[in-house]
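Presented below is the structure to which this report refers.
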Amino acid sequence: MTKEMFTELVLKSEQTLYRVSMSMLKNESDCEDAVQTAILAAYEKQDTLKNEAFFKTWLVRILINVCNKQLNAKKRFVDIQDYIETADPSSEINLDVKMALERLPLKQREVIVLYYMEEFSVKEIKDILHIPEGTVKSRLSKARELLKISLQ
């Protein structure tokens with residue numbers, strides 16, 4: 001597929017991409033980011049498209065995946081950041097969270113920091129720590145449970 005053909009197909013899909021992302025993300029800025037990310041991903045992976053007749057469907061699927069990833073990232077970010085990021089860095093809540101994080105066992109603390117603060121995916125953490133994906137997920141789950149208990 002030529003650059004011109006790709007551009008033409010993207011332009012024909014523009015309104016659909018906007019509506020789909022807006023229905024999922026409900027935020028203009030996030031919507032624009034998702035559409036741009038999806039278009040870039042599609043351009044980089046256009047060789048995986050087997051039939052150009054399905055371009056729009058393929059592109060929308062990529063967009064939905066990008067939107068889902070953004071939504072999941074926001075959930076992760078909000079879970080911890082609600083406690084950590086407060087207007088006053090010396091606030092009691094911020095201090096409580098820092099202390100709770102410090103009390104976590106090293107294995108749980110490192111996955112929490114990588115996942116929430118550094119925003120690495122489970123797969124990326126798996127690669128960084130050289131442990132199975134299931135282990136990353138179980139450590140995150142245990143860490144969340146310990147933090148919840150500690151912060152109550």
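The values are calculated or read from the model by the stated rules, or taken from the named source; none is laboratory data. Just so it is clear, the structure is predicted and the values come from calculations on it, not from any experiment. So basically every Cβ, Gly included, is an ideal-geometry build from the backbone, and we count neighbours across all protein chains shown. The area values use the complete protein model at the heavy-atom level, side chains included, leaving out ligands, DNA and RNA. Shrake-Rupley method; radii C 1.70, N 1.55, O 1.52, S 1.80 Å.
The table below gives the values:
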read-out	value
Sole residue being at pLDDT below 90, hydroxyl-bearing (Ser, Thr, Tyr) and either assigned to a loop (DSSP other than H, G, I, E, B) or open to solvent by less than 60 Å² (accessible area, probe 1.4 Å) (or both), chosen from Thr57, Thr86	Thr86
Number of positions in the stretch 39-54 that are in a loop (DSSP other than H, G, I, E, B), loosely packed, with under 13 Cβ neighbours inside 10 Å and not charged (D, E, K, R)	1
Hits in the stretch 95-152 - residues which are open to solvent by 70 Å² or more (accessible area, probe 1.4 Å) and of a type in the set (Val, Ile, Thr)	Ile128, Ile149
Any hit, the stretch 90-98, residues being out of contact with any strand residue (DSSP E or B) (no Cβ under 9 Å at 6 or more places or on another chain), at pLDDT below 90 and part of a loop (DSSP other than H, G, I, E, B)	yes
Tabulated pairs, the stretch 19-46, first without any contact (Cβ under 8 Å) to a residue 24 or more places away in the chain, second open to solvent by 70 Å² or more (accessible area, probe 1.4 Å) and part of a helix (DSSP H, G or I), C-beta under 9 angstrom, 6+ apart or interchain	Met22/Glu28; Cys31/Tyr18; Glu32/Tyr18
Whichever residue in the stretch 1-38 is among the hydroxyl-bearing types (Ser, Thr, Tyr) and surrounded by fewer than 18 Cβ atoms within 10 Å (Cβ to Cβ) and, among such residues, is modelled with the lowest pLDDT	Ser23
Within the stretch 67-81, considering residues that are hydrophobic (A, V, I, L, M, F, W, C) and either more than 19 Å from Val113 (Cα to Cα) or open to solvent by less than 60 Å² (accessible area, probe 1.4 Å) (or both), the one modelled with the highest pLDDT	Cys67
